[in-house]
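Since the structure comes first, as structure tokens, the remarks are kept for the end.
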């Protein structure tokens, strides 16, 4: 039956080329499309995490729900030691976030003023690498201000200009200070650059009456795949209401947005696969219906109907398996290459900065498991496409088949 199936697919060359070509193109397109989609999502996540957001936050569980200074994290140094001693943790940095009114010589704007630990932030985020002009913060700075490019434009200030701060201290008292702009940064995240400003936390704690207190501790890990395990290890050492939460909770909106984007991507791809499925099925049906006399002769010579079905299945396997395997190998090579050498589109980040695009690169994600199930999906559709043609052939007796036109 294998030899007869091979003879048949070499005899019906038009069917062979069309079916094998559709299987190859569909598999390769499926793999590359999913690799692009997963790569874009992973790149967006990594950019968001490495710019300022951290993989894990340690805070008072009530702070995320209610905010404000009533639920700040106390005993920061004690919690820091616990976090730093946990396996796979590479950096820990305390942050004190405060909504404030910033005023330049001509304009004012609301902003998120955050006290950070400059040296620890270097190991956790890319705030220092985003420097556009001036300098980054130092651990001995006093009233030095490091702010986003869009916020500086809104305040109409530049390096060396003074910016007044008005807000509320942790103890409820009035807080006010005069800052000097020492650095301006640009991350590419438009909303972040338009609302974020940073000062040295060691000095800011005196202004805000927040010694050994923080909004949260930002924790970095050596591998994002270990985030869940590290989060669980930290929670095993912390006592309520202190809690460690991963980026999956902190960036729930982004996670949902990526899931929705993936859903619509798979729906679009599913429509394409359905069309290909029916094309292959119709082409197979027409091919089998034109071979009814051949099947009738085989039946008359003693070939059982089970063997006829076996023959058709073997032909389908020979037609789809080699091109699918070839496409999977090529897809793996293409995805692997563009994962290491992403496609670069100059100016893309600037054009789409409002949507959180911070890079001009379009990477792929090369994952063997994903590529395998992509290829198996197309393989399954090919086998499914012969079900109706087989059912159609089964309805004919040998005599009817030999008389079929």
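The values are calculated or read from the model by the stated rules, or taken from the named source; none is laboratory data. Bear in mind the structure is a predicted one, so any value in this text is a computation, not a measurement. Note: ideal-geometry Cβ built from the backbone for every residue, glycine included; neighbour counts use all protein chains shown.
Output the number of the condition that residue 357 fails; it satisfies all remaining conditions of (1) at pLDDT below 85; (2) buried (at least 18 other Cβ atoms within 10 Å of the Cβ); (3) not in a loop (DSSP other than H, G, I, E, B).
(3)
In this structure, is residue 186 buried (at least 21 other Cβ atoms within 10 Å of the Cβ) and closer than 19 Å to residue 122 by Cβ?
On the way: buried (at least 21 other Cβ atoms within 10 Å of the Cβ): no; closer than 19 Å to residue 122 by Cβ: yes.
Criteria not met by residue 186.
In the stretch 138-159, is there at least one residue being exposed (fewer than 15 other Cβ atoms within 10 Å of the Cβ), under 16 Å from residue 112 (Cβ atoms), in contact (Cβ under 8 Å) with a residue 12 or more places away in the chain and in the same structural domain as residue 207 (by TED's automatic domain parsing)?
No, the conditions are met nowhere in the stretch 138-159.
Taking only the stretch 190-228 into account, find how many residues are in contact (Cβ under 8 Å) with a residue 60 or more places away in the chain, over 28 Å from residue 70 (Cβ atoms) and touching a strand residue (DSSP E or B) at 6+ places or on another chain (Cβ under 9 Å).
Of the residues in the stretch 190-228, 3 are in contact (Cβ under 8 Å) with a residue 60 or more places away in the chain, over 28 Å from residue 70 (Cβ atoms) and touching a strand residue (DSSP E or B) at 6+ places or on another chain (Cβ under 9 Å).
Tell me which helices (runs of 4 or more DSSP H) are completely within the stretch 186-262 and hold 3 or more residues being under 16 Å from residue 86 (Cβ atoms), or say none if there are none.
It comes to 227-237.
To keep it simple, each residue is scored yes or no on (1) more than 44 Å from the chain's Cα centre (by Cα); (2) within 17 Å of residue 394 (Cβ to Cβ).
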residue	(1), (2)
277	no, no
282	no, no
289	yes, yes
300	yes, yes
307	yes, yes
312	no, yes
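For the stretch 53-80, enumerate the residues that are farther than 28 Å from residue 263 by Cα and surrounded by 18 or more Cβ atoms within 10 Å (Cβ to Cβ). Even if it seems obvious, please write down each step before you answer.
So in the stretch 53-80, the residues farther than 28 Å from residue 263 by Cα come out as 57-80.
Of everything in the stretch 53-80, those that are farther than 28 Å from residue 263 by Cα and surrounded by 18 or more Cβ atoms within 10 Å (Cβ to Cβ) turn out to be 57, 58, 59, 60, 63, 69, 72, 73, 76, 79, 80.
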